[in-house]
Amino acid sequence: MISRISLSACFAAAAACSSGMADRLEPTVSLPYADRFDRKALGDAWYPSGGHWTVQEGQLVSTGAHNAPLFLKAALPDDVVLEVDVRPQGRHVDAKVELMTDGLRHQSGYVFVLGGWDNTISTIARLDEHERGRVEKRPTTIRPGRDTHWRIEKQGGSLRWFVDGELYLEREDPNPLEGPGHDRFAFGNWKNHVAYDNLQIWPFDDAPSRGASTSTGTSVRP
């Protein structure tokens, strides 16, 4: 027979776990949002689910996250635009971001992978990087060590990914991921050394036209 003390301990542990999860999901910043990473620590706007995420020399750096994303604690609208500078290091490209996630788990939203699988595939995947119906680009046309500027637009089920001002990949989703449980952004990484910088996120209707982005909006301070 389970004692009352054991039951109480179980309930207490469950409550603590629930409280901790609520803390991780609670938004701490709003849109429009900008982060130049010009400080020494990640700050309260970010939830690292694991891996190795640091701020170094004015940029966000990962030297291996094993697909444990770094989640932004901001609730995204259904229609959203983001821009970010991506700087892969070494011979691998393999950079990724995740959009419309649950704020806790890898592959809980859309995954945008540039030069994955030893720079053989770029993809927009839904809920699974290895999804059978993922949209792919082969060859990737991305040179290892090349810095790139990304713009990702989501409007309803339309996803458009621009790299250095040119449309790179697009996807139509008849059942778009959005709303509670699919409203968070995250940086991702597998085993590569990659840096990210100058992140900006807007509601779709408030975003500047392509090529005319600014750094206005909520910005993290040291």
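I need the shape label for segment 96-222. Rule: rounded when a/c is under 1.5, else prolate if a/b > b/c, else oblate, with a, b, c from the alpha carbon gyration tensor.
Note, shape of segment 96-222 comes out rounded.
When a/c is below 1.5 the answer is rounded, else prolate if a/b is larger than b/c, else oblate, so apply that to segment 54-144 with a ≥ b ≥ c taken from the square roots of the Cα gyration tensor eigenvalues.
Oblate shape, in that a/c is at least 1.5 and b/c is the bigger or equal ratio.
Taken together, the values in this text are just the output of simple stated rules run on the coordinates, not laboratory data. Values in this document were obtained by computation on a predicted structure and should not be read as measured data.
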